[in-house]
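Novice: Dumping the structure here so I can ask a few things about it.
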Amino acid sequence: YNIFEFNRFNIRDIYTATGLSIGGSNVLSIGTSQYVLLTTSDSSGDSDDFRVLNYPYGLDPNPVPLSGVNDGATYTNLNSPGYIDLVTFGTSTYALVVSFTDGFQIINVTEPDSLSPVFGVSDNVGNYTTLDGAYDVTTTTIGSSTYALVASISDNGVQIIDITDISNPIAISAVIDGQDNFTALAGARDIATTTIDSSTYALVAAWDDNGVQIIDITDPYNPIAASAVFNGTDGYDELYTADDIAITTLRGTTFAVVVSDNDHGIQFINITDPYNPLPLHSISNEGEYNSLNKPQNVAIRIMDGIPYAFVLSTGSPIRELYVIKMDFAVPITLESDNANPKYAKAGDTITLKISTNSNIISHGVSVILSNIPSVTLDGSNYTATLQVSGLPRETNATFATTLTN
């Protein structure tokens with residue numbers, strides 16, 4: 001694994017370790033101390049474990065092994081461990097770890113040098129019906145309760161678990177591909193959540209369905225299929241084998257970033273209306289991204305109010321970490337209702353319709369004219385009306401629109 005230091009202008013690799021097969025990683029902060037959490041197997045694949053490393057800040061940090069636990073009698077669900085999420089209740093912090101073959105494990109990491117098991121469960125135990133091939137886990141709070149959502153690649157679905165009582169989690173619902181209008185959960189590989197207008201949504205990257213499923217989980221006991229998008233339809237061209245997903249908000253617009261392994265690309269999706277998502281932008285492996293080969297991971301960090309996407313390209317011969325500034329310009333379409341597309345005469349009324357695929361939080365229209373004495377404008381509903389009058393001679397009019405997304 002590698003540890004990188006990054007600012008807006010440069011990135012440098014400050015630590016590298018080899019000889020480990022990493023399933024997942026996270027960073028734990030307790031007080032002024034930082035710790036690296038890893039799920040690993042050794043190069044022979046004989047040891048499946050969860051490790052904590054003390055990570056000192058500095059120009060040349062050297063993470064020091066602090067503690068670790070293995071799959072076995074005490075930690076029963078760490079076989080082929082994968083992604084890690086963290087959740088805090090009061091003064092205690094817990095690691096939620098998915099196991100590809102064993103289900104779901106919760107570990108108390110409040111004292112990083114003295115770990116303790118809290119809970120573990122396997123697929124098809126009690127109400128846990130969707131943990132086969134558990135691949136990713138995330139948490140969200142709805143009302144006064146906290147929930148864990150596990151994306152399961154073999155069960156083609158999502159298990160929703162109430163973890164408000166962390167020592168006694170309860171499986172409350174599950175969604176499966178092909179049931180109840182869920183159409184993009186085959187090979188559910190990654191999951192992320194967001195809140196939009198007081199409603200909570202989960203987005204799932206579906207490897208086998210080549211798409212993204214959006215789930216309304218505002219009532220986690222009764223999740224609803226809000227929408228689904230697929231590669232090769234409706235302007236989505238970089239979702240083939242969708243692998244990882246992250247969500248961010250910029251100037252009132254919420255959008256998802258999806259990396260697609262075998263598409264060698266990145267898809268940006270406007271999800272401000274989760275029931276009507278729109279393609280916003282895409283990146284393929286050409287031009288300045290010609291080394292974007294099998295991207296498998298994406299994370300987002302905010303700096304100076306602007307989101308940056310960190311995309312890990314894992315293919316051979318070059319493995320690279322891309323950092324992408326996501327300060328997008330929004331495409332705008334202007335349409336005029338004037339019968340003659342080039343000319344207007346005195347007495348004509350011209351209406352401009354301004355269209356964009358983004359959420360607009362402010363708008364305004366200006367007209368720069370030469371030798372036209374009278375102009376009236378109405379900026380409501382993203383239209384501008386120009387009343388033409390008193391033209392002394394043929395004159396050009398330049399229209400400009402400023403939209404903030």
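The values are calculated or read from the model by the stated rules, or taken from the named source; none is laboratory data. As the structure is a computational prediction, the values presented were derived from the model and not from experiment. With ideal geometry, Cβ positions are generated from the backbone for all residues, glycine too; neighbour counts draw on all protein chains shown. Accessible surface is based on the protein model in full, side chains and every heavy atom, while ligands, DNA and RNA are left aside. Shrake-Rupley method; radii C 1.70, N 1.55, O 1.52, S 1.80 Å.
Novice: Quote the Stokes-Einstein diffusion coefficient, in whole µm² s⁻¹, for region 77-224, based on the Kirkwood radius over alpha carbon pairs, a temperature of 4 °C and a viscosity of 1.567 mPa s.
Specialist: Calculated translational D: 86 µm²/s.
Novice: Continuing with the same structure: For SER167 and ILE22, compute 0.36 nm times the residue count separating them, minus their Cα-Cα distance, and round to one decimal in nm.
Specialist: 49.5 nm
Novice: Right, here's the next one. How large, in Å, is region 140-218 by the Kirkwood hydrodynamic radius built from its alpha-carbon pairs?
Specialist: That comes to 12.7 Å for region 140-218.
Novice: What is the extension gain from SER154 to LEU66, computed as 0.36 nm multiplied by their sequence separation minus the C-alpha to C-alpha distance, in nm to one decimal? Before the final figure, lay out each step's value.
Specialist: Details: separation 88, 0.36 × 88 = 31.68 nm, distance 3.37 nm.
Length gained, SER154 through LEU66: 28.3 nm.
Novice: Right, something else. As I understand it, the dipole of region 268-326 uses +1 on the Cβ of Lys and Arg and -1 on the Cβ of Asp and Glu, about the Cα centre. Which of ALA299, ILE269, SER282 lies farthest toward its positive end?
Specialist: Of the candidates, ALA299 comes out farthest on the positive side.
Novice: Return the carbon/sulfur percentage of the accessible area of region 125-210, one whole number, probe 1.4 Å, all protein chains in place.
Specialist: 37 percent
Novice: Also, I was wondering about something else. Using only the alpha-carbon atoms of region 196-350, report the extent along each of the three principal axes, biggest first, to the nearest angstrom.
Specialist: 64, 46, 35
Novice: Now, a different point. Within 10 Å, count the other beta carbons around each residue, average over each peptide in 97-103, 167-173, and list them highest first.
Specialist: Ranked from most to least packed, the peptides come out as 97-103, 167-173.
Novice: Leaving ligands and nucleic acids out of the surface, order GLU335, GLU320 by accessible area at 1.4 Å, largest first.
Specialist: GLU335, GLU320
Novice: For region 198-321, give the magnitude of the charge dipole about the Cα centre (Cβ charges: +1 Lys/Arg, -1 Asp/Glu; no others), in debye to the nearest 20.
Specialist: Rounded to the nearest 20 debye, it is 320 debye.
Novice: Obtain the nm distance between the two label points defined at ASN127 and SER114 by a simple spin-label model: each point lies 7 Å from its Cα along the Cα-to-C-beta direction.
Specialist: Each label point is offset 7 Å from its Cα along the Cβ direction, giving 3.5 nm.
Novice: Take every Cα pair under 8 Å in region 80-200 that's 6+ residues apart, average their separations, divide by the length, and report that relative contact order as a whole percent.
Specialist: Reported relative contact order: 18 percent.
Novice: Hey, another quick one. So if we plug the beta-carbon distance of ASP197 and ALA299 into 1/(1 + (r/R0)^6) with R0 = 41 Å, what FRET efficiency do we get, rounded to 0.05?
Specialist: The pair ASP197/ALA299 has a calculated efficiency of 0.95.
Novice: Mind checking the per residue accessible area of region 245-315 for me, 1.4 Å probe, whole number of Å²?
Specialist: Details: 2590 Å² over 71 residues.
Per-residue accessible area for region 245-315 comes out at 36 Å².
Novice: May I pose another question? Place the peptides 12-24, 183-195, 288-300, 307-319 in order of packing, highest mean first, counting for every residue the other Cβ atoms within 10 Å and averaging per peptide.
Specialist: 183-195, 288-300, 307-319, 12-24
Novice: For the residue pair ILE14 and ARG251, what label-to-label distance in nm results when each label sits 7 Å from Cα along the Cα-to-beta-carbon direction?
Specialist: About 3.2 nm separates the two model spin labels.
Novice: Next question, about the same structure. Mind ordering 82-88, 213-219 by average Cβ neighbours within 10 Å, highest first? Display every interim value, and only then the final one.
Specialist: Working: 82-88: 19.0, 213-219: 21.3.
Going by the mean number of other Cβ atoms within 10 Å, highest first, we get 213-219, 82-88.
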